[in-house]
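Note sheet for the following structure.
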Amino acid sequence: MPPTLTITHAEVFLVRLPLKFRFETSFGVQTEKLVPILVLHGGGQTGLSEGVMEELPMFREETLAGGLQLLREVLLPDVLGKPFANPQALAAAFSSYRGNQMAKAMLEMAAWDLWARTLDMPLWRLLGGVRERVEVGVSLGIQPSEAATVDMVARHLEGGYRRIKLKIKPGWDVQPVRAVRAAFPDIKLTVDANSAYTLEHTRVFQALDEFQLDYIEQPLAYDDLLDHAALQARIRTPLCLDESITSAQDARKALSLDAGRVINVKVGRVGGHAEARRVHDVSQAFGVPVWCGGMLESGIGRAHNIHLSTLANFSKPGDTASSSRYWTHDTVQEPLEMVDGYQAVPPGAGIGVTLDRDFVTRNAEESWERR
Ligand code: MG
(Lines give C-alpha, C1' and ligand atoms only; values in the text may rest on other atoms or scores of the structure.)
Protein backbone atom coordinates (compact mmCIF):
# COMPACT_ATOMS: atom_id res chain seq x y z
CA MET A 1 0.00 0.00 0.00
CA PRO A 2 1.47 3.38 -0.91
CA PRO A 3 1.39 5.87 1.96
CA THR A 4 -1.48 8.37 2.08
CA LEU A 5 -1.60 11.91 3.36
CA THR A 6 -4.18 11.90 6.17
CA ILE A 7 -4.37 14.78 8.62
CA THR A 8 -5.82 13.63 11.94
CA HIS A 9 -5.64 16.93 13.78
CA ALA A 10 -4.31 20.46 13.45
CA GLU A 11 -3.01 23.04 15.92
CA VAL A 12 -2.72 26.78 15.37
CA PHE A 13 -0.62 29.18 17.46
CA LEU A 14 -0.53 32.94 17.14
CA VAL A 15 2.81 34.33 18.32
CA ARG A 16 3.83 38.00 18.42
CA LEU A 17 7.55 38.45 17.64
CA PRO A 18 9.28 41.81 18.16
CA LEU A 19 11.42 42.80 15.15
CA LYS A 20 15.05 43.66 15.96
CA PHE A 21 14.74 46.84 13.88
CA ARG A 22 12.15 49.32 12.68
CA PHE A 23 11.19 48.34 9.10
CA GLU A 24 9.86 51.19 6.98
CA THR A 25 8.36 50.68 3.52
CA SER A 26 5.94 52.72 1.40
CA PHE A 27 3.15 51.08 3.49
CA GLY A 28 4.41 52.49 6.79
CA VAL A 29 6.53 51.32 9.73
CA GLN A 30 6.59 47.82 11.19
CA THR A 31 8.15 46.93 14.57
CA GLU A 32 6.70 43.48 15.25
CA LYS A 33 5.08 40.54 13.50
CA LEU A 34 2.09 38.48 14.53
CA VAL A 35 2.98 35.01 13.23
CA PRO A 36 0.26 32.37 12.72
CA ILE A 37 1.74 28.85 12.94
CA LEU A 38 0.01 25.69 11.72
CA VAL A 39 1.03 22.23 12.95
CA LEU A 40 -0.57 19.28 11.15
CA HIS A 41 -0.50 15.78 12.63
CA GLY A 42 -0.95 12.50 10.77
CA GLY A 43 0.64 9.06 10.48
CA GLY A 44 2.95 9.74 13.42
CA GLN A 45 4.47 12.78 11.67
CA THR A 46 3.96 16.53 11.87
CA GLY A 47 3.94 19.21 9.18
CA LEU A 48 4.67 22.89 9.81
CA SER A 49 3.83 26.17 8.12
CA GLU A 50 3.34 29.80 8.95
CA GLY A 51 0.83 32.15 7.38
CA VAL A 52 1.88 35.45 5.80
CA MET A 53 -1.47 37.18 6.19
CA GLU A 54 -1.12 40.50 8.00
CA GLU A 55 -3.42 42.11 10.52
CA LEU A 56 -4.38 44.84 8.04
CA PRO A 57 -4.95 44.30 4.30
CA MET A 58 -2.01 46.46 3.14
CA PHE A 59 0.06 44.11 0.96
CA ARG A 60 -2.85 42.15 -0.51
CA GLU A 61 -6.49 42.09 0.56
CA GLU A 62 -6.28 39.09 2.90
CA THR A 63 -6.26 39.62 6.67
CA LEU A 64 -4.98 37.47 9.51
CA ALA A 65 -8.38 37.26 11.20
CA GLY A 66 -10.16 36.38 7.95
CA GLY A 67 -7.56 33.83 6.90
CA LEU A 68 -7.55 32.01 10.22
CA GLN A 69 -11.34 31.90 10.28
CA LEU A 70 -11.40 30.38 6.79
CA LEU A 71 -8.77 27.86 7.84
CA ARG A 72 -10.67 26.86 10.98
CA GLU A 73 -14.23 26.86 9.66
CA VAL A 74 -13.79 25.77 6.03
CA LEU A 75 -10.38 24.55 4.84
CA LEU A 76 -9.46 22.23 7.73
CA PRO A 77 -12.94 20.65 7.98
CA ASP A 78 -12.70 19.92 4.22
CA VAL A 79 -9.55 17.80 4.65
CA LEU A 80 -9.36 16.48 8.24
CA GLY A 81 -9.53 12.69 8.52
CA LYS A 82 -9.62 12.12 4.75
CA PRO A 83 -6.88 10.21 2.90
CA PHE A 84 -5.24 12.04 -0.01
CA ALA A 85 -2.72 10.69 -2.51
CA ASN A 86 -0.41 13.71 -2.14
CA PRO A 87 -0.46 17.46 -1.31
CA GLN A 88 -1.80 18.37 -4.78
CA ALA A 89 -4.81 16.09 -4.25
CA LEU A 90 -5.34 17.66 -0.82
CA ALA A 91 -5.21 21.18 -2.25
CA ALA A 92 -7.75 20.19 -4.94
CA ALA A 93 -10.28 19.77 -2.08
CA PHE A 94 -10.36 23.56 -1.62
CA SER A 95 -9.30 24.79 -5.07
CA SER A 96 -12.85 25.87 -5.99
CA TYR A 97 -12.79 28.65 -3.38
CA ARG A 98 -11.74 31.96 -4.87
CA GLY A 99 -8.80 34.02 -3.69
CA ASN A 100 -7.54 33.61 -0.12
CA GLN A 101 -4.18 32.38 -1.43
CA MET A 102 -2.41 33.01 1.88
CA ALA A 103 -4.88 30.97 3.94
CA LYS A 104 -4.82 28.17 1.36
CA ALA A 105 -1.01 28.29 1.24
CA MET A 106 -0.78 27.92 5.01
CA LEU A 107 -2.58 24.56 4.81
CA GLU A 108 -0.93 23.42 1.57
CA MET A 109 2.61 24.19 2.76
CA ALA A 110 2.16 22.32 6.05
CA ALA A 111 0.74 19.40 4.03
CA TRP A 112 3.91 19.37 1.86
CA ASP A 113 6.08 19.27 4.99
CA LEU A 114 3.97 16.47 6.48
CA TRP A 115 4.07 14.54 3.18
CA ALA A 116 7.83 14.93 2.76
CA ARG A 117 8.37 13.71 6.34
CA THR A 118 6.03 10.76 5.69
CA LEU A 119 8.20 9.82 2.69
CA ASP A 120 11.36 10.62 4.71
CA MET A 121 12.53 13.00 1.98
CA PRO A 122 13.69 16.62 2.09
CA LEU A 123 11.04 18.95 0.65
CA TRP A 124 13.40 20.42 -1.97
CA ARG A 125 13.88 16.99 -3.56
CA LEU A 126 10.10 16.47 -3.81
CA LEU A 127 9.69 19.92 -5.37
CA GLY A 128 12.40 19.15 -7.95
CA GLY A 129 15.14 21.44 -6.66
CA VAL A 130 18.61 21.36 -8.18
CA ARG A 131 20.86 22.96 -5.54
CA GLU A 132 21.59 22.54 -1.84
CA ARG A 133 22.31 26.17 -1.04
CA VAL A 134 20.64 29.34 -2.23
CA GLU A 135 21.96 32.82 -2.90
CA VAL A 136 20.81 35.45 -0.41
CA GLY A 137 20.03 39.13 -0.78
CA VAL A 138 18.62 41.59 1.73
CA SER A 139 15.74 44.04 1.68
CA LEU A 140 16.55 47.29 3.49
CA GLY A 141 13.82 49.56 4.83
CA ILE A 142 13.62 53.30 4.28
CA GLN A 143 16.29 55.11 6.34
CA PRO A 144 16.20 58.63 7.82
CA SER A 145 18.96 59.94 5.51
CA GLU A 146 21.14 59.13 2.50
CA ALA A 147 24.16 58.75 4.79
CA ALA A 148 22.27 56.26 6.97
CA THR A 149 21.26 54.35 3.83
CA VAL A 150 24.85 54.11 2.58
CA ASP A 151 26.00 52.97 6.07
CA MET A 152 23.29 50.34 6.20
CA VAL A 153 24.24 49.05 2.75
CA ALA A 154 27.93 48.92 3.73
CA ARG A 155 27.16 46.87 6.83
CA HIS A 156 25.09 44.35 4.90
CA LEU A 157 27.69 44.01 2.14
CA GLU A 158 30.29 43.30 4.82
CA GLY A 159 27.87 40.68 6.18
CA GLY A 160 28.03 38.91 2.81
CA TYR A 161 24.66 39.68 1.23
CA ARG A 162 24.80 39.22 -2.54
CA ARG A 163 22.10 41.71 -3.54
CA ILE A 164 20.87 44.89 -1.89
CA LYS A 165 17.24 45.96 -2.28
CA LEU A 166 16.20 49.43 -1.15
CA LYS A 167 12.59 50.19 -0.28
CA ILE A 168 11.48 53.41 -1.98
CA LYS A 169 8.46 55.71 -1.89
CA PRO A 170 7.55 58.97 -3.66
CA GLY A 171 10.06 61.58 -2.48
CA TRP A 172 12.56 58.89 -1.41
CA ASP A 173 13.79 57.25 -4.59
CA VAL A 174 16.36 58.75 -6.99
CA GLN A 175 18.46 60.48 -4.28
CA PRO A 176 19.15 57.44 -2.04
CA VAL A 177 19.78 55.25 -5.10
CA ARG A 178 22.24 57.81 -6.49
CA ALA A 179 24.07 57.91 -3.13
CA VAL A 180 24.30 54.13 -2.83
CA ARG A 181 25.36 53.66 -6.47
CA ALA A 182 28.07 56.31 -6.07
CA ALA A 183 29.45 54.53 -3.00
CA PHE A 184 29.16 51.00 -4.48
CA PRO A 185 29.42 51.17 -8.31
CA ASP A 186 29.43 47.39 -8.91
CA ILE A 187 26.97 45.81 -6.49
CA LYS A 188 23.76 44.08 -7.51
CA LEU A 189 21.22 46.75 -6.54
CA THR A 190 17.40 46.83 -6.79
CA VAL A 191 14.50 48.92 -5.48
CA ASP A 192 10.99 48.00 -4.30
CA ALA A 193 8.14 50.53 -4.34
CA ASN A 194 5.33 48.27 -3.07
CA SER A 195 2.81 49.88 -5.48
CA ALA A 196 3.36 53.45 -4.26
CA TYR A 197 3.53 55.11 -7.71
CA THR A 198 1.40 55.77 -10.81
CA LEU A 199 2.25 56.44 -14.46
CA GLU A 200 2.38 60.13 -13.54
CA HIS A 201 5.74 59.27 -11.94
CA THR A 202 7.20 57.82 -15.17
CA ARG A 203 10.04 60.37 -15.04
CA VAL A 204 11.20 58.99 -11.68
CA PHE A 205 11.68 55.56 -13.26
CA GLN A 206 13.34 57.03 -16.34
CA ALA A 207 15.74 58.78 -13.96
CA LEU A 208 16.44 55.45 -12.20
CA ASP A 209 17.48 53.96 -15.56
CA GLU A 210 20.91 55.53 -15.18
CA PHE A 211 21.85 53.43 -12.10
CA GLN A 212 22.00 49.91 -13.64
CA LEU A 213 19.45 48.50 -11.22
CA ASP A 214 18.95 44.76 -11.58
CA TYR A 215 15.21 45.49 -11.54
CA ILE A 216 12.55 47.86 -10.19
CA GLU A 217 10.01 45.95 -8.11
CA GLN A 218 6.25 46.59 -8.21
CA PRO A 219 6.20 50.33 -8.87
CA LEU A 220 2.49 50.53 -9.79
CA ALA A 221 -0.86 49.32 -8.49
CA TYR A 222 -1.08 45.81 -7.08
CA ASP A 223 -3.73 44.77 -9.60
CA ASP A 224 -2.56 46.68 -12.65
CA LEU A 225 -0.71 44.83 -15.41
CA LEU A 226 -1.55 47.28 -18.21
CA ASP A 227 0.13 50.25 -16.58
CA HIS A 228 3.18 48.14 -15.73
CA ALA A 229 3.38 47.22 -19.44
CA ALA A 230 3.10 50.91 -20.39
CA LEU A 231 5.89 51.79 -17.96
CA GLN A 232 8.12 48.89 -19.07
CA ALA A 233 7.86 50.16 -22.65
CA ARG A 234 9.29 53.52 -21.54
CA ILE A 235 12.28 52.39 -19.45
CA ARG A 236 15.28 50.10 -19.95
CA THR A 237 15.45 48.65 -16.41
CA PRO A 238 13.45 45.40 -16.08
CA LEU A 239 10.33 45.63 -13.95
CA CYS A 240 9.80 42.89 -11.36
CA LEU A 241 6.26 41.98 -10.33
CA ASP A 242 5.42 41.00 -6.75
CA GLU A 243 1.95 42.06 -5.49
CA SER A 244 0.44 41.68 -9.00
CA ILE A 245 1.11 37.95 -9.34
CA THR A 246 -1.21 35.63 -7.38
CA SER A 247 -1.14 32.63 -9.75
CA ALA A 248 0.59 31.09 -12.76
CA GLN A 249 -2.23 32.50 -14.92
CA ASP A 250 -1.40 36.00 -13.65
CA ALA A 251 2.24 35.34 -14.55
CA ARG A 252 1.32 34.18 -18.07
CA LYS A 253 -0.83 37.28 -18.67
CA ALA A 254 1.78 39.65 -17.24
CA LEU A 255 4.63 38.18 -19.26
CA SER A 256 2.51 38.07 -22.45
CA LEU A 257 1.96 41.81 -22.00
CA ASP A 258 5.64 42.48 -21.18
CA ALA A 259 4.38 44.02 -17.92
CA GLY A 260 7.55 42.78 -16.22
CA ARG A 261 10.77 40.89 -17.00
CA VAL A 262 11.40 39.37 -13.55
CA ILE A 263 8.99 37.76 -11.07
CA ASN A 264 9.22 37.70 -7.30
CA VAL A 265 7.64 34.41 -6.18
CA LYS A 266 6.12 34.32 -2.70
CA VAL A 267 4.61 30.97 -1.76
CA GLY A 268 1.90 32.53 0.40
CA ARG A 269 0.88 35.11 -2.21
CA VAL A 270 0.26 32.43 -4.86
CA GLY A 271 -1.50 29.81 -2.69
CA GLY A 272 1.23 27.27 -1.98
CA HIS A 273 4.22 25.34 -3.28
CA ALA A 274 2.46 23.68 -6.24
CA GLU A 275 1.31 27.04 -7.64
CA ALA A 276 4.68 28.64 -6.84
CA ARG A 277 6.31 25.92 -8.95
CA ARG A 278 3.83 26.63 -11.78
CA VAL A 279 4.72 30.35 -11.63
CA HIS A 280 8.38 29.29 -11.79
CA ASP A 281 7.68 27.06 -14.82
CA VAL A 282 5.62 29.66 -16.74
CA SER A 283 8.33 32.26 -16.14
CA GLN A 284 11.01 29.84 -17.32
CA ALA A 285 9.04 29.23 -20.52
CA PHE A 286 9.11 32.98 -21.16
CA GLY A 287 12.84 33.12 -20.40
CA VAL A 288 12.08 35.23 -17.32
CA PRO A 289 14.08 34.68 -14.10
CA VAL A 290 12.38 34.45 -10.72
CA TRP A 291 13.54 34.88 -7.15
CA CYS A 292 11.98 34.18 -3.75
CA GLY A 293 10.61 37.15 -1.85
CA GLY A 294 10.03 37.37 1.89
CA MET A 295 7.22 38.48 4.19
CA LEU A 296 9.34 38.85 7.35
CA GLU A 297 8.91 35.14 8.05
CA SER A 298 10.11 33.36 11.16
CA GLY A 299 12.16 30.19 10.74
CA ILE A 300 9.23 28.04 9.60
CA GLY A 301 8.32 30.18 6.59
CA ARG A 302 11.98 30.96 5.94
CA ALA A 303 12.80 27.22 5.71
CA HIS A 304 9.92 26.71 3.23
CA ASN A 305 11.27 29.62 1.15
CA ILE A 306 14.79 28.18 1.09
CA HIS A 307 13.50 24.81 -0.13
CA LEU A 308 11.47 26.46 -2.91
CA SER A 309 14.47 28.57 -3.97
CA THR A 310 16.37 25.42 -5.00
CA LEU A 311 14.34 25.18 -8.26
CA ALA A 312 16.46 25.89 -11.34
CA ASN A 313 14.92 29.18 -12.48
CA PHE A 314 15.33 30.86 -9.05
CA SER A 315 18.40 32.44 -10.59
CA LYS A 316 18.52 35.70 -8.62
CA PRO A 317 19.26 36.09 -4.88
CA GLY A 318 16.17 35.80 -2.67
CA ASP A 319 15.02 37.64 0.46
CA THR A 320 16.02 34.65 2.58
CA ALA A 321 18.33 36.51 4.96
CA SER A 322 19.50 35.11 8.30
CA SER A 323 16.73 34.58 10.87
CA SER A 324 18.89 36.25 13.51
CA ARG A 325 18.75 39.48 11.51
CA TYR A 326 15.06 39.75 12.39
CA TRP A 327 14.39 37.82 15.59
CA THR A 328 15.96 37.53 19.02
CA HIS A 329 14.18 34.21 19.47
CA ASP A 330 12.93 32.21 16.49
CA THR A 331 9.97 29.79 16.29
CA VAL A 332 12.27 26.90 15.33
CA GLN A 333 15.20 25.24 17.07
CA GLU A 334 17.65 25.26 14.14
CA PRO A 335 19.45 28.50 13.25
CA LEU A 336 18.89 29.58 9.62
CA GLU A 337 21.98 31.66 9.03
CA MET A 338 23.57 32.92 5.85
CA VAL A 339 27.22 31.96 5.38
CA ASP A 340 29.29 33.72 2.69
CA GLY A 341 26.13 34.93 0.95
CA TYR A 342 24.32 31.57 0.91
CA GLN A 343 21.73 29.77 3.00
CA ALA A 344 22.26 26.01 3.08
CA VAL A 345 19.06 24.02 2.71
CA PRO A 346 18.26 22.68 6.20
CA PRO A 347 19.12 18.96 6.10
CA GLY A 348 16.71 16.16 7.01
CA ALA A 349 13.17 15.23 6.05
CA GLY A 350 10.49 17.80 5.25
CA ILE A 351 11.54 21.42 5.68
CA GLY A 352 14.31 20.28 8.04
CA VAL A 353 13.43 22.49 11.01
CA THR A 354 11.73 21.68 14.31
CA LEU A 355 9.15 23.78 16.10
CA ASP A 356 10.38 25.33 19.35
CA ARG A 357 7.21 24.14 21.04
CA ASP A 358 8.15 25.49 24.50
CA PHE A 359 8.76 28.98 23.15
CA VAL A 360 5.71 28.95 20.91
CA THR A 361 3.24 27.66 23.53
CA ARG A 362 4.66 30.01 26.18
CA ASN A 363 4.31 33.03 23.89
CA ALA A 364 1.09 32.19 22.07
CA GLU A 365 -1.50 34.96 22.34
CA GLU A 366 -4.05 32.53 21.04
CA SER A 367 -4.10 28.84 20.20
CA TRP A 368 -6.70 26.32 19.07
CA GLU A 369 -7.00 22.81 17.82
CA ARG A 370 -9.20 21.14 15.26
CA ARG A 371 -9.89 17.41 14.92
MG1 MG B 1 8.10 43.39 -2.95
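A few remarks follow.
- Relative to its residue count, the chain spans a Cα convex hull of 124 Å³ per residue.
- log₁₀ of I(q)/I(0) at q = 0.14, 0.17, 0.18 Å⁻¹ - region 125-344, Debye sum with one point per alpha carbon: -0.84, -1.23, -1.36
- Bridgeable lysines around LYS104 (alpha carbons under 22 Å apart, same-chain partners fewer than 8 residues away excluded): LYS33, LYS82, LYS266.
- Percent of Cα pairs in region 127-249 per distance bin of 10 Å, from zero to the largest separation: 13, 43, 31, 13, 1.
- Counting only heavy atoms of the protein chains and using a 1.4 Å probe, LEU231 has close to 0 Å² of accessible surface.
- Sulfur and carbon atoms: percent of accessible area, the chain [1.4 Å]: 50 percent
- Cα gyration tensor shape of region 226-371, rounded if a/c is under 1.5, else prolate or oblate by comparing a/b with b/c: prolate
- Both numbers refer to the Cα atoms of region 7-72; Rg and Dmax are 14.2, 45 Å.
- Amide H contacts of TYR215 (H built 1.01 Å from N, under 5 Å, at least 5 apart or other chain): VAL191
- Within a Gaussian network of the chain (alpha carbon springs, distance under 10 Å), most fluctuating of SER322, SER298, SER95: SER95
- Sparsely packed trypsin sites (Lys or Arg not before Pro) within region 77-174, loop by DSSP, other Cβ within 10 Å at most 10: ARG98
- Rounded accessible area per residue of the chain, 1.4 Å, Å²: 39 Å²
- Highest mean packing comes first when the peptides 301-307, 67-73, 213-219, 16-22 are listed by Cβ atoms within 10 Å, giving 301-307, 213-219, 67-73, 16-22.
- Amide H to amide H, with H built 1.01 Å from N, TYR161 comes under 5 Å of no residue 5 or more places away or on another chain.
The values are calculated or read from the model by the stated rules, or taken from the named source; none is laboratory data. Bear in mind the structure is a predicted one, so any value in this text is a computation, not a measurement. Here the Cβ is made from the backbone with ideal geometry for all residues, glycine too, and neighbour counts use every protein chain on show. These area figures cover heavy atoms from the full protein model, side chains too; ligands, DNA and RNA do not enter into them. Shrake-Rupley method; radii C 1.70, N 1.55, O 1.52, S 1.80 Å.
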